[in-house]
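Data block below; observations after.
The values are calculated or read from the model by the stated rules, or taken from the named source; none is laboratory data. The shown structure was predicted, so the numbers you read here are calculated from the model rather than taken from an experiment. Every residue, glycine as well, gets a Cβ built from its backbone with ideal geometry; the counts of neighbours run over all protein chains shown. Protein only, heavy atoms only, side chains kept; ligands, DNA and RNA dropped before computing areas. Shrake-Rupley method; radii C 1.70, N 1.55, O 1.52, S 1.80 Å.
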Amino acid sequence: MIASQAKGSDDTRHSSDRVERAWQRIGPAYRGDESEALKALCAGLSFDAAATTRIDQRALELAREVRAALAGDVSAEAFLRHYGLSTGEGVVLMCIAEALLRIPDAHKADELIRDKLAQTDWGGAIADTDSLLVNASTWALMLTGKLVDWQQASGDEPLAALRRLVGRSSEPIIRAALQQAMRVMAEQFVMGQTIQDALRRAAPLERQGYRASYDMLGEAALSASDAQRYFQHYADAIEAIGANASQSNLMERAGISVKLSALHPRYETAQRARVMAELLPRLRELALKAARAGISLTVDAEESHRLILSLELFAALADDRALSGWEGLGLAVQAYQKRAIHVIDWLVELGADKRRRWMIR
């Protein structure tokens, strides 16, 4: 019995050592040389030329199938294919679409439109396309919703006309047209203005096998009252998602994603002690609520310079005995970062050490 206990103690110590070694590799990779990081990643690949060719061919086949299925559609997908997030127009559209959802004040919305739309060359974005939404939205943005043939209506450049419209205090009209043009686009990313709306809209998708992780649109908390309001919104959403879940398996149910910066006004490394003392209890309470509701809770990604702080909070939850029987704790990993592979390694070792599974996105 003594020997068995000693062996168990050794295994625990070795497991903890592996967690610590994995943790120590995360920090140096933050600002590591990119070419060296790439070499290390490539060295771990086992694809030969034939496998790479098959992957490329299959990816192209899937892309063609998706585009063929969407031919002639009037969806936001068609809009994005035309403008693209690699264009100035696409970026402005996405920013404004999201921003307008957060701005209840018409005056502020007008200022945003004046600042962003007046400096964008919408005329250059007009092209031959079969998508009604692309043309309709472009003309709506330029002519406040009126579909006309520009060449017949005026000989001016579209950008000059848009600037004149904005200059003549037509922001309210442009705002209405923009909101209408953006509605379809925004609905691709925003399921509803309330959690109840989102759950209703997601129901048909869930029946098709989709699973959602609900989040809240919003910025970081700027005050204690902001943090308390966001906390209550998260708590209410957890209750609603849990009550709506019909699947017996937690892995098949919808979950919630929590933005840590929404739970504390000073979520920053310089305030680590305060964050651990004040934010961690709030996050723990939400996790306990999620566990009782039988749903998952994912710690969402933040700015890269706060990754270590996010991981420390995650580790604290992972070590919490009150959550030990719950397999719904998750983490969003920013896969583009040079630290990502090391974060994954750390999560693997941490899971082995705690004998728990994580939900990773």
Mind checking which residues of the range 190-247 are open to solvent by 80 Å² or more (accessible area, probe 1.4 Å) and either basic (Lys, Arg) or not in a helix (DSSP H, G or I) (or both)?
193, 200, 201, 207, 208, 210, 211, 217, 219, 222, 229, 246
Failed item in (1) open to solvent by 70 Å² or more (accessible area, probe 1.4 Å); (2) not in a helix (DSSP H, G or I), with residue 305 passing the rest
(2)
Please specify each residue of the range 312-349 satisfying the condition of being open to solvent by less than 10 Å² (accessible area, probe 1.4 Å), more than 22 Å from residue 44 (Cβ to Cβ) and part of a helix (DSSP H, G or I).
313, 314, 317, 318, 323
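Just to be sure, is residue 297 under 20 Å from residue 221 (Cβ atoms), modelled with pLDDT of 95 or more and touching a His at 6+ places or on another chain (Cβ under 7 Å)?
No.
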Only one of 352, 270 is open to solvent by 70 Å² or more (accessible area, probe 1.4 Å) and either part of a helix (DSSP H, G or I) or touching a Cys at 6+ places or on another chain (Cβ under 8 Å) (or both), namely 270
Using the structure shown, decide if residue 254 is open to solvent by 70 Å² or more (accessible area, probe 1.4 Å) and under 18 Å from the mean Cα position of the chain (by Cα).
no
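Can you tell me which residue in the range 45-67 is nearest to residue 341 (Cα to Cα), limited to those that are assigned to a helix (DSSP H, G or I), charged (D, E, K, R) and out of contact with any helix residue (DSSP H, G or I) (no Cβ under 9 Å at 6 or more places or on another chain)?
Once the filter is applied, the top-ranked residue is 56.
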For residue 289, only one of the following conditions fails: (1) within 16 Å of residue 257 (Cβ to Cβ); (2) out of contact with any Asp or Glu (no Cβ under 8 Å at 6 or more places or on another chain); (3) among the basic types (Lys, Arg). What is its number?
(2)
